[in-house]
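Notes follow once the structure below has been shown.
The values are calculated or read from the model by the stated rules, or taken from the named source; none is laboratory data. Everything numeric here is computed off the predicted structure, so don't read it as measured data. Note that we place each Cβ from the backbone using ideal geometry, even for glycine, and neighbour counts take in every protein chain shown. Accessible surface areas use protein heavy atoms only, side chains included; no ligands, DNA or RNA. Shrake-Rupley method; radii C 1.70, N 1.55, O 1.52, S 1.80 Å.
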Amino acid sequence: MFEEGQYFAPLTKKGDGSVSVELSAGHPGLEDPTYRERRDRIATAAARWTSGDPPPLIDYTDAEHEVWRVVCEDLRDKHRHYACREYLDGKEAFGLPEDHVPQLAELSAALAPLTGFAYQPAAGLVPLREFYGALADHRFWATQYVRHHSVPLYTPEPDVLHEVVGHGNTLADTRFTQLYEAAGAAVRRVESDEALQFVSKVFWFTLEFGVVHEPDGLKAYGAGILSSPGEIEEFRQMTIRPLDLVEMGTTDYDITHYQEVLFAAGSFGQLQDVVGGFWDTCTDDSIEAMRLAA
Ligand code: TIH
Ligand code: FE2
């Protein structure tokens, strides 16, 4: 169901403006009609949202709040052990609730004084150019539904826990938001689809699934690892390669499983220099030269 680099489940729009969400084979909610109805309702609220308005308020159920609580509680110690310093600083500054699902609208208000980032609601698949282009304007497209309760440890597609616990704590720290902004500016700058894919793969292997060496061990800074109580336990056992732009920009990945290949920065400073520097300056031509070198 996921084409490479595409983030959210495909949608079908109906005549009345409501939408219905497609779930892939093997999705834990596929045979659960209540869950599917819920997904459609939340996606419809986003589809009806107008740019410039705050994200719609979602009437989360007790069962959804419970999934949030279970995941946050499970992640509390795991973050302390396995999250990088900069993420833990962002988490402390942001102060997310652990006992209920917060609204994207209130989170945008909390981010405003910290980094100026704001959430906008994604009904489904956001085309790559729109997803990344928004980052250049300090806007972050995010889903609002909650993962299926039967598999809280891992979801094959980004849900509100991923967007908020994974990305939100990084959107609260300017050392991260400078990188998000740079990725957005890079996508605005390049024209070819090949260059777009390259930039987006570097994003995948860094801000989504990046790891970094700290004096006391390998830590995660990628939002996809930090929002999954299952994957955060496993990443140190994966194949760890050194940070390499050409390799990251040309390596294929599967969004629906734990990532088997990860790229480790020697330090957060190296990430800023190498990856931030790449996004700050890359062009169609410079990326084409890197692709030829692969
Ligand atoms: N697998 C992540 C989680 O369980 O939180 C969500 C995703 C991040 C990126 C792709 S899917
Ligand atoms: Fe993500």
Mind listing whichever residues of the stretch 51-65 are open to solvent by less than 80 Å² (accessible area, probe 1.4 Å) and outside any loop (DSSP other than H, G, I, E, B)? 63, 64, 65
Looking at the structure I just gave you, is residue 253 touching a Cys at 6+ places or on another chain (Cβ under 9 Å) and within 16 Å of ligand 1 (Cβ to nearest atom)? no
Open to solvent by 10 Å² or more (accessible area, probe 1.4 Å), among the β-branched types (Val, Ile, Thr), over 11 Å from the mean Cα position of the chain (by Cα) and within 11 Å of ligand 1 (Cβ to nearest atom): is that true of residue 174 in this structure? no
Candidate set: the stretch 5-50, residues that are within 16 Å of ligand 2 (Cβ to nearest atom) and of a type outside the set (A, V, I, L, M, F, W, C); chosen: the one surrounded by the most Cβ atoms within 10 Å (Cβ to Cβ): 7
Options 247, 194, 214; residue that is away from ligand 1 (no atom under 15 Å from the Cβ) and touching an Asp or Glu at 6+ places or on another chain (Cβ under 8 Å): 194
Any residue in the stretch 251-261 that is open to solvent by 70 Å² or more (accessible area, probe 1.4 Å), more than 17 Å from residue 167 (Cα to Cα), among the hydroxyl-bearing types (Ser, Thr, Tyr) and within 16 Å of ligand 2 (Cβ to nearest atom)? yes
Check off (1) closer than 24 Å to residue 261 by Cα; (2) open to solvent by less than 10 Å² (accessible area, probe 1.4 Å); (3) more than 15 Å from ligand 2 (Cβ to nearest atom) for residue 232 and give me the number that stays unchecked. (3)
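Residue by residue, here is whether (1) under 23 Å from residue 72 (Cβ atoms); (2) away from ligand 2 (no atom under 15 Å from the Cβ); (3) at pLDDT below 95 holds:
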site	(1), (2), (3)
99	yes, yes, no
111	yes, yes, no
119	yes, no, no
124	no, no, yes
152	yes, yes, no
155	yes, no, yes
158	yes, no, yes
185	no, yes, no
Note on the stretch 70-112: residues over 22 Å from residue 141 (Cα atoms), in a loop (DSSP other than H, G, I, E, B) and open to solvent by less than 30 Å² (accessible area, probe 1.4 Å) are 84
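Would you pick out the residues in the stretch 191-211 that are without any contact (Cβ under 8 Å) to a residue 24 or more places away in the chain and in contact with a Ser or Thr (Cβ under 9 Å, 6 or more places away or on another chain)?
The answer is none; no residue qualifies.
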Is the stretch 150-166 home to any residue that is part of a helix (DSSP H, G or I), open to solvent by less than 20 Å² (accessible area, probe 1.4 Å) and away from ligand 1 (no atom under 16 Å from the Cβ)? no
Among the residues that make up the stretch 217-224, is at least one of them surrounded by fewer than 20 Cβ atoms within 10 Å (Cβ to Cβ) and modelled with pLDDT of 95 or more? yes
Residue 140 fails exactly one of the following numbered conditions: (1) in contact with a strand residue (DSSP E or B) (Cβ under 7 Å, 6 or more places away or on another chain); (2) in a loop (DSSP other than H, G, I, E, B); (3) within 13 Å of ligand 2 (Cβ to nearest atom). What is the number of that condition? (2)
